[in-house]
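One structure below.
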Amino acid sequence: MRIVIIGGGIAAVYLANHIKKLASDVDVMIVSEESYAPYDRIHLCALVDHSATIEEISLPVDATVQIALNEKILSIDKKSKRIFSEHSVFTYDKLIIATGSVPQTLFDISGLKNAAVFRNANDCKQISEGIQDREVVIVGSGPIGLELMETLNKMHSVKHITLIVRSDSLYDKRLSPQARKEMESAYLKEGKITISYEDEILDKKIENNEITLLKTKKLEILNPFLIFGVGIKPNIDFARDTIACDKGILTNNKMQTEDRDIYAVGESAQVKEINFIAGHVKECTLQADVAIANILGLEEKAFHLEVMIDML
Ligand SMILES: Cc1cc2nc3c(=O)[nH]c(=O)nc-3n(C[C@H](O)[C@H](O)[C@H](O)COP(=O)(O)OP(=O)(O)OC[C@H]3O[C@@H](n4cnc5c(N)ncnc54)[C@H](O)[C@@H]3O)c2cc1C
């Protein structure tokens, strides 16, 4: 049997390694759009402040797993069981889609030198090179934006950070007012961070592919480096024409799509019965275990939401 996994993230690597552990005779291939071998996304901050290299945060992959890098899958042909990138074709017996999420932005930032999201190793390179001599502006106060802000706050090359928050409080309203207050004081202690609550970007001036001025409800910021941390959505556009999708690729609780030979796991999957999309590593690996058990015919496993992890 040949199992092809689309994606080079945590779900893909966990799937590949565990399939090999349970059935070493199965051919497993990872097809990833990234140019780097799989790495652990949760340590991305270490690439921004250069406390680790990409090799140091890489994920170990079983040596018998084939890995095709720089292969962005553009379409799936269910009938012939093939997937297509721009230059290559891969055939499968079972396909697992583990393409994760894409970060959202409030306007199109493609081609802009001083605007970024924070999701992959290339984003880290763009951020660490682009922040020099600029006012860092982070939009959004979710866990990813705040984690990046903490890292940037410790970097000498960053002189000042403005955090733009649409609501009147940090992170999550479910946190107690006391906890939010403590969080806020910790951020403001060094004097390098300004938090602008009940604020949002209203306008911007772009010259030669650079944002030269950001206008928010309350501030005007010259020469910014803008980072959006305003949420993510499943990365599934390439599959929409072929497989039933809602926000994510729709699966049953065995992580199987409407096509019995195609599974979806991790942040790209939406488990229909419980209307659930993963957002943490543990949920991705629980789903991977379920998909593997069903694909290899080991046991009838179903995904249930057992664990919630607070990322802070
Ligand atoms: C900075 C940061 C910190 C985090 N910290 C934590 C934490 O502390 N705890 C926690 O539980 N979670 C954390 N998370 C969330 C966690 O990383 C994700 O839940 C997890 O990575 C999702 O895994 P995934 O494999 O579904 O998707 P991803 O890790 O996003 O992997 C998807 C892969 O698919 C590739 N891909 C996408 N489309 C295609 C295509 N068409 N063709 C080929 N390849 C494609 C992508 O390039 C990527 O390699 C963090 C996330 C970030 C960004």
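Among (1) farther than 23 Å from Ile249 by Cβ; (2) within 11 Å of the ligand (Cβ to nearest atom); (3) in a loop (DSSP other than H, G, I, E, B), which single condition is Thr99 missing?
(1)
If Phe84 satisfies all but one of (1) in contact with a strand residue (DSSP E or B) (Cβ under 9 Å, 6 or more places away or on another chain); (2) away from the ligand (no atom under 14 Å from the Cβ), what's the number of the condition it fails?
With respect to (1) in contact with a strand residue (DSSP E or B) (Cβ under 9 Å, 6 or more places away or on another chain); (2) away from the ligand (no atom under 14 Å from the Cβ), Phe84 is out only on (2).
Is region 50-73 home to any residue that is at positive phi, surrounded by fewer than 18 Cβ atoms within 10 Å (Cβ to Cβ), more than 13 Å from the ligand (Cβ to nearest atom) and part of a loop (DSSP other than H, G, I, E, B)?
Of all residues in region 50-73, those at positive phi come to 50, 70.
This time we only want the ones that are surrounded by fewer than 18 Cβ atoms within 10 Å (Cβ to Cβ), so: 50, 70.
When the remaining residues are screened for being more than 13 Å from the ligand (Cβ to nearest atom), the result is 50.
From what is left, the residues that are part of a loop (DSSP other than H, G, I, E, B) are 50.
Yes - at least one qualifying residue is present in region 50-73.
Can you go through Leu188, Leu222, Leu202 and tell me which one is assigned by TED's automatic domain parsing to the domain that holds Leu170 and in contact with an Asp or Glu (Cβ under 9 Å, 6 or more places away or on another chain)? Spell out the reasoning first.
Numbers: Leu188 fails: in contact with an Asp or Glu (Cβ under 9 Å, 6 or more places away or on another chain); Leu202 fails: in contact with an Asp or Glu (Cβ under 9 Å, 6 or more places away or on another chain).
When all the criteria are applied, what remains is Leu222.
If I filter region 7-15 for residues that are of a type in the set (Phe, Trp, Tyr) and surrounded by fewer than 20 Cβ atoms within 10 Å (Cβ to Cβ), do I get at least one hit? Walk me through it before giving the result.
Taking region 7-15 first, the residues of a type in the set (Phe, Trp, Tyr) are 14.
In the following step, the residues that additionally are surrounded by fewer than 20 Cβ atoms within 10 Å (Cβ to Cβ) were identified as none.
The answer is no, given that none of the residues of region 7-15 is of a type in the set (Phe, Trp, Tyr) and surrounded by fewer than 20 Cβ atoms within 10 Å (Cβ to Cβ).
So if I check each of Ala115, Ala63, Ala52, Ala23, which one is assigned by TED's automatic domain parsing to the domain that holds Asp203 and aliphatic (A, V, I, L, M)?
On the way: Ala63 fails: assigned by TED's automatic domain parsing to the domain that holds Asp203; Ala52 fails: assigned by TED's automatic domain parsing to the domain that holds Asp203; Ala23 fails: assigned by TED's automatic domain parsing to the domain that holds Asp203.
Residue meeting the stated conditions: Ala115.
Quickly run through region 255-284 and pick out the residues that are more than 9 Å from the ligand (Cβ to nearest atom) and among the hydroxyl-bearing types (Ser, Thr, Tyr). Don't jump to the end; show me each part of the working.
The initial filter retains those residues of region 255-284 that are more than 9 Å from the ligand (Cβ to nearest atom), namely 255-264, 270-277.
Within region 255-284, Thr257, Tyr263 meet the criteria.
Please go through region 87-96 and pick out each residue that is in a strand (DSSP E or B) and either surrounded by fewer than 16 Cβ atoms within 10 Å (Cβ to Cβ) or within 14 Å of the ligand (Cβ to nearest atom) (or both). Reasoning before the result, please.
First, the residues of region 87-96 that are in a strand (DSSP E or B): 89-91, 94-96.
If the condition is that a residue be in a strand (DSSP E or B) and either surrounded by fewer than 16 Cβ atoms within 10 Å (Cβ to Cβ) or within 14 Å of the ligand (Cβ to nearest atom) (or both), then Val89, Phe90, Thr91, Leu95, Ile96 are the ones that fit.
Scan (1) over 22 Å from Ile138 (Cβ atoms); (2) within 14 Å of the ligand (Cβ to nearest atom) for the single condition Ile232 breaks and write down its number.
(1)
Do we find a residue being surrounded by 23 or more Cβ atoms within 10 Å (Cβ to Cβ), among the polar types (S, T, N, Q) and at pLDDT 95 or above anywhere in region 236-243? Can you show your working first?
Residues of region 236-243 surrounded by 23 or more Cβ atoms within 10 Å (Cβ to Cβ): 236, 239.
Then keep just the ones that are among the polar types (S, T, N, Q); that gives none.
So far as region 236-243 goes, no, none of its residues is surrounded by 23 or more Cβ atoms within 10 Å (Cβ to Cβ), among the polar types (S, T, N, Q) and at pLDDT 95 or above.
Give me the strands (runs of 3 or more DSSP E) completely within region 231-305, filtered to those with at least 2 residues that are touching a Gly at 6+ places or on another chain (Cβ under 9 Å), ordered by residue number. Give the derivation first.
Details: elements: 232-234, 249-251, 262-264, 269-271.
Fully inside region 231-305 and qualifying: 232-234, 269-271.
Being outside the structural domain of Ile6 (by TED's automatic domain parsing), more than 18 Å from the chain's Cα centre (by Cα) and either of a type outside the set (Val, Ile, Thr) or near the ligand (Cβ under 10 Å from one of its atoms) (or both): is that true of Asn122 here? Give the derivation first.
Details: outside the structural domain of Ile6 (by TED's automatic domain parsing): yes; more than 18 Å from the chain's Cα centre (by Cα): no; either of a type outside the set (Val, Ile, Thr) or near the ligand (Cβ under 10 Å from one of its atoms) (or both): yes.
No; evaluated as a whole, the condition is false for this residue.
The values are calculated or read from the model by the stated rules, or taken from the named source; none is laboratory data. None of the values given here were measured: they were computed from a predicted structure. Please note: Cβ atoms are built from the backbone with ideal geometry, for glycine as well, and neighbour counts cover all protein chains shown.
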